[in-house]
Amino acid sequence: MDKFIVQQLEKISLSMFRKEFLGIFHGSISARVEHNKFIINKREAIFDEMDDSSLIELYFNKDYRWNQASIDSEIHLNIYQNIHEAKYIAYGMPPFTMAYSLNHNKIIPKDYFGYKEFGNLKIYDPKHFEDWYERAPIDIVRYFKEQKSQIIIIRGYGVYVYDRDIHQLAKKMAIIEHSCRLLQLSRF
């Protein structure tokens with residue numbers, strides 16, 4: 001595996017874990033390394049202790065390694081196959097964003113950075129969770145393309161973000177979480 005990319009994934013996943021964007025065994029982070037290959041965390045990865053053994057390299061054609069990979073691998077694969085600008089992808093559950101998504105249909109940031117970065121964001125409602133993992137790869141890509149957005153907030157499930165730069169990816173998730181935190185706190 002590419003040492004530089006592995007170090008980037010380790011560093012950003014630790015930062016995202018400390019901010020509670022990624023949990024213990026919850027979330028995923030990946031990087032495309034070739035047109036038909038990406039690196040993603042394994043199923044049992046602990047995001048504050050990521051190293052080479054926490055990551056796995058997957059080809060778009062599935063083989064035995066897919067059994068060790070994150071449950072979100074299929075979603076990452078579909079994003080990489082359909083959105084060529086995607087170099088990095090993260091899925092997390094930032095707590096204020098998740099809480100806000102439960103009772104609202106869109107996020108309209110009232111802080112400067114949230115407003116400048118996003119304006120407003122629709123909250124995607126998966127309707128029911130019984131078959132979500134079967135629908136998710138297609139629904140998420142469709143949303144990205146229809147909304148012309150690099151971020152999707154899924155009610156009760158989490159946030160997917162993609163970008164060409166891993167730091168911009170983390171920044172997007174941090175800004176939306178900060179905006180939702182301010183929206184939640186300003187209610188009181």
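All other residues with a Cβ under 10 Å from the Cβ of residue 133 taken together, and with Lys, Arg as +1 and Asp, Glu as -1, what is their net charge? Present the calculation step by step, with values, prior to reporting the outcome.
Numbers: positive: 135; negative: 72, 74, 130, 131, 134.
Its environment carries a net charge of -4.
Give, to the nearest whole percent, the P(r) tail of the chain beyond 26 angstrom, counting all Cα pairs.
26
Can you give me the long-range amide H partners of residue 69? Hydrogens built in the peptide plane at 1.01 Å from N, cutoff under 5 Å, separation of 5 or more residues or another chain.
43
Placing unit charges on C-beta atoms (Lys and Arg positive, Asp and Glu negative, everything else neutral), compute the dipole magnitude of the chain about its Cα centre in debye, rounded to 20.
Here the chain has a charge dipole of around 720 debye.
Per DSSP H run of at least 4 residues, take -39500 (n - 2.57); add these up for the chain, divide by its residues and hand me the 222 nm value, nearest 500 deg cm²/dmol.
-13000 deg cm²/dmol
Using label points projected 7 Å from each Cα along Cα→Cβ, tell me how many nm separate residue 185 and residue 33, to one decimal.
Placing both labels 7 Å along Cα→Cβ, they lie 4.0 nm apart.
Any read-out appearing in this document is the output of simple, stated calculations on the displayed coordinates, not a laboratory observation. Here the structure is a predicted model, which is why all the values come from computation and not from measurement. FYI the Cβ positions are ideal-geometry reconstructions off the backbone, even for glycines, and counts take in every protein chain you see.
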